[in-house]
1. Can you give me the ranges of the strands (runs of 3 or more DSSP E) entirely in segment 39-88 with at least 1 residues that are acidic (Asp, Glu)?
2. Among (1) of a type outside the set (Val, Ile, Thr); (2) touching a Phe, Trp or Tyr at 6+ places or on another chain (Cβ under 9 Å); (3) in contact (Cβ under 8 Å) with a residue 60 or more places away in the chain; (4) closer than 18 Å to Thr39 by Cα, which single condition is Glu122 missing?
3. Report yes if Pro81 is exposed (fewer than 14 other Cβ atoms within 10 Å of the Cβ) and without any contact (Cβ under 8 Å) to a residue 40 or more places away in the chain, otherwise no.
4. Can you tell me which residue is surrounded by the fewest Cβ atoms within 10 Å (Cβ to Cβ) among those in segment 13-38 that are part of a loop (DSSP other than H, G, I, E, B) and either among the hydroxyl-bearing types (Ser, Thr, Tyr) or touching a strand residue (DSSP E or B) at 6+ places or on another chain (Cβ under 7 Å) (or both)?
5. Can you say whether Asn44 is open to solvent by 30 Å² or more (accessible area, probe 1.4 Å), closer than 15 Å to Val32 by Cα and either touching a residue at least 40 places away in the same chain (Cβ under 8 Å) or not acidic (Asp, Glu) (or both), as far as the supplied structure shows?
6. Applying the selection to segment 99-121, what residues are open to solvent by 20 Å² or more (accessible area, probe 1.4 Å) and either in contact with a His (Cβ under 6 Å, 6 or more places away or on another chain) or part of a strand (DSSP E or B) (or both)?
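The values are calculated or read from the model by the stated rules, or taken from the named source; none is laboratory data. Predicted model, so just to flag it, every value in this text is computed and none were measured. All Cβ positions, even for glycine, are placed from backbone atoms using ideal geometry, and neighbour counts span all protein chains on display. Remember, those area values only see protein heavy atoms, side chains included, never the ligands or the DNA or RNA. Shrake-Rupley method; radii C 1.70, N 1.55, O 1.52, S 1.80 Å.
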Amino acid sequence: MSPIVTKPEFRAPSDILEKEVERLNVPPLAVVAAPLLGTWVNSNHQTPGLVRLMISAIGNGVMVHGFGACTPTPCDWGAVPGHIYADNVTATPAVAFSAIYTFAFKQTTIVGHLLKGALMVETFDHFTDNSGRADYYSLNVLTQ
């Protein structure tokens, strides 16, 4: 009869990485907002939604200042803090962001990512005013 072979203890790569970072005294990585910063304008000048975003660095994240389509000038949505994201756990340049706007009648979640020099921005609108309107999604292409 052959001896019983036991499965070695499974160790997740994150467990090993944490110990290696501690052992090597590696400082924690911080995502750098620079690639996202600036004023981004919707490439669709007839958009009924998001017209412009101004993204600036603040602490470990960003401040997102949005403007919506209104006449005769864009509506100022104000500035809200946003989160930034890198491409993977070892990367530092920001490639994406998210932010949430809360208006009196709806909540808008904005998610954007860089793609070939453009900022692809998705908005998710959830109505909170019991108006019966359907929640909706929009995709916008913004450029600098």
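1. Per the criteria, 75-86.
2. Of the numbered conditions (1) of a type outside the set (Val, Ile, Thr); (2) touching a Phe, Trp or Tyr at 6+ places or on another chain (Cβ under 9 Å); (3) in contact (Cβ under 8 Å) with a residue 60 or more places away in the chain; (4) closer than 18 Å to Thr39 by Cα, the odd one out for Glu122 is (3).
3. Spelling it out, Pro81 is indeed exposed (fewer than 14 other Cβ atoms within 10 Å of the Cβ) and without any contact (Cβ under 8 Å) to a residue 40 or more places away in the chain.
4. So the residue we want is Leu37.
5. no
6. Of everything in segment 99-121, those that are open to solvent by 20 Å² or more (accessible area, probe 1.4 Å) and either in contact with a His (Cβ under 6 Å, 6 or more places away or on another chain) or part of a strand (DSSP E or B) (or both) turn out to be Ile100, Thr102, Lys106, Gln107, Thr109, Val111, His113, Leu114, Leu115, Met120.
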